[in-house]
Amino acid sequence: MYNLEEYSAKVMDHYQNPRNVGEVENPSGEGTVGNPACGDVMKLTIKVENGRIVDAKFKTFGCGAAIATSSMVTEMVKGKTIDEALKISNKTVAEALDGLPKIKMHCSVLAEDALKAAIEDYRKKTARQEKKA
Amino acid sequence: MKIIYMDHNATTPLDDEVLEAMMPYMTDKFGNPSSSTHAYGWEARRAVEEARGQVAELIGAHPEEIIFTSGATEADNLAIKGVAHAYRDRGSHIITSQIEHKAVLETCKYLEKQGFKVTYLPVDCYGMVDPEEVRGAITDKTILISIMFVNSEVGTIEPVEKIGAIAREKGVLFHSDAVQGAGKIETKVDKLKTDLLAISGHKMYGPKGIGALYLKKGVKIESLIHGGGHERGLRAGTENVPGIVGLGKACQKAGRLMEEEAKRLTKLRNRLYQGVMNGIKRVYLNGHPEKRLPGNLNLSFEFVEGESLILSMKNFAISSGSACTSSSLKSSYVLLAMKVPEALSHCSLRICLGRSNTEEEVDCLVEELSKNVARLREMSPLYKEV
């Protein structure tokens, strides 16, 4: 069993005051993961300049943990190089939130997957542009 | 900050008059009803029998047809296992529905392991069992039908009367878990045509840890708890005298207030529903639009996950059928049995109004819901795509 009281103060803060909600204009990469039937969907858009993520925004349908991890991951990736960003895992996001209830750990996978999908999308786009050039 | 309680299907606060009636039996009047040799025992026995009369009166039964239990879960267990074992020589088939309380479903599953066959009938999109499907499921091996009176999640009132009539016609015993109906809407055993019926104290402003099983005269059951022959040998163990007194008083008071309170709660519930429907788009009602419990409302707010909505309204005590609020990580089996799409099952909210709730609180909830649904939809990647 778990109850909502188990959410850390940081989770509640990121849930109540989520950072970086929305979509980056002309994103360098975007990733949408999850499934409404499973109860959570996350869309992450990133802006990359000179190999560094300069902006990241999210939109999430999901529980408190899904929203808080989405918010946290946007904070964590900003200023990071692509290689550094790829080192972010669901565990590091959860740790940055002072942990999640055990049963909610799977929600943080959404944030990691969305980040990987957005980076993948960015890499595909840049590869295409390089080809064109 | 006062948290406004709107989860009365989960439990209710203990009524002041009920507590007052119970107190002497937790202090001075501590006697054991089985002590036949002195006044302590006599007064405890009188209190238990008075309560038995009050419970019987609420459901239109004879006092000797009431067996006190530790709660409705035990009453359901006693009814189903009790009948199953007492009538095993007649057959081994039981009929129930997919949306019963776990106290019924898990008991049936247990009996399946003991060799009984159980039919779990489906429900329609309102959560309603079709009496004709019950009829169709009866075989010459059927010994028991168990269908709840009111569903605790979606508030749908089942056609128990019709099912009871079919059971009588076919000569099959009929049990009903009436936990959510008793004390809130008229629950009379002769009208509902049930042979067994389970009720609970804490769902009607009585104490936790006490319930009762109605057992129609002439119906046999096997006892689950053996001992000193209490409750006509059907439920051994020294009586929970304060609990029994509390249940009796709660039944008496609920019976007295029922008509007026049901009207008031229906009006309040409709005000809430209208407020939500006028202020928020893409909201879906779960359960039956008319045949539902007065205080119950179950809604799905599309594109907004239930737990996150509840989390944003921490000054309201409400619940959700979303997978994210359950430890099993599965959506409510009741909503899924009603074929509510899975995406919407995650978006459900259950609001159960009770005696303490006011128009002002309901209006405040509508306002909070509008604000937070808008905020969360703004955040939802699914919303813009519509």
- Note to self, chain A gives a 222 nm [θ] from helices alone (DSSP H runs n ≥ 4, -39500 (n - 2.57) apiece, / all residues, nearest 500) of -14500 deg cm²/dmol
- Sort out the exposed loop GluC sites (Glu not before Pro) in chain B (DSSP loop, at most 13 other Cβ within 10 Å) and tell me the longest stretch that has none. B:1-289
- Item | Helix-only mean residue ellipticity at 222 nm for chain B, each DSSP H run of n ≥ 4 adding -39500 (n - 2.57), per residue, nearest 500 | -13000 deg cm²/dmol
- Item | Estimated FRET transfer efficiency when R0 is 51 angstrom, pair B:Lys263-A:Glu5 (beta carbons, to 0.05) | 0.90
- Task: Partner chain Cβ atoms within 10 Å, averaged over the residues of B:305-314 - can you pull that number for me?
- Result: 6
- Message: With a 1.4 Å probe and all protein chains left in place, how much accessible area per residue does the protein assembly as shown have, in Å²?
- Response: 43 Å²
- Note on the structure: The B/A contact buries a total accessible area, at probe radius 1.4 Å and rounded to the nearest 100 Å², of 2200 Å²
- Message: Using a 10 Å cut-off around each Cβ of peptide A:19-26, what is the average number of partner chain Cβ atoms that fall inside?
- Response: 1
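Which percentage, to the nearest 5, of the DSSP beta bridges contained in the stretch B:115-269 is antiparallel?
Antiparallel bridges: around 50 percent, rounded to the nearest 5.
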- DSSP beta bridges in the protein assembly as shown, what fraction antiparallel, as a percent rounded to 5? 65 percent
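If you count, for every residue in B:373-381, the Cβ atoms of partner chains within 10 Å of its Cβ, what is the mean?
5
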- Query: What full-extension length gain, to one decimal in nm, is calculated for B:Ala374 and B:Asn315 as 0.36 nm per residue of separation minus the Cα-Cα distance?
  - Reply: 19.4 nm
- Query: HN-Hα J couplings of the stretch B:172-188 from phi, Karplus 6.51/-1.76/1.60, θ = phi - 60°, integer Hz, Gly and Pro as x?
  - Reply: 10, 5, 10, 10, 9, 7, 10, 3, 8, x, 4, x, 10, 10, 3, 9, 10
- Note on the structure: chain B, Gaussian network, Cα under 10 Å: of B:Arg282, B:Arg168, B:Arg235, the residue fluctuating most is B:Arg282
- Name the long-range amide H neighbours of B:Phe174: under 5 Å, sequence gap of 5 or more, or other chain; modelled H, no Pro or chain starts. B:Ile145, B:Asp195, B:Leu196
- Query: Where the accessible area of chain B is counted over protein heavy atoms with a 1.4 Å probe, how much of it, in %, is carbon and sulfur?
  - Reply: 52 percent
- Expressed as a whole-number percentage, the relative contact order of the stretch B:106-197 with C-alpha contacts under 8 angstrom and at least six residues apart is 24 percent
- Give the cysteines in the protein assembly as shown for which no other Cys Cβ lies under 4.7 Å away, or write none if there are none. A:Cys38, A:Cys107, B:Cys108, B:Cys125, B:Cys251, B:Cys347, B:Cys352, B:Cys364
- Binned Cα-Cα distance frequencies in the protein assembly as shown - 10 Å width, integer %: 4, 18, 23, 21, 16, 10, 5, 2, 1, 0, 0
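The values are calculated or read from the model by the stated rules, or taken from the named source; none is laboratory data. For clarity, every value in this text was computed on a predicted model and none was experimentally measured. Using ideal geometry, Cβ is built from the backbone for each residue, glycine included, and neighbour counts are taken over all protein chains shown. For accessibility, only protein heavy atoms count, side chains too; no ligands or nucleic acids. Shrake-Rupley method; radii C 1.70, N 1.55, O 1.52, S 1.80 Å.
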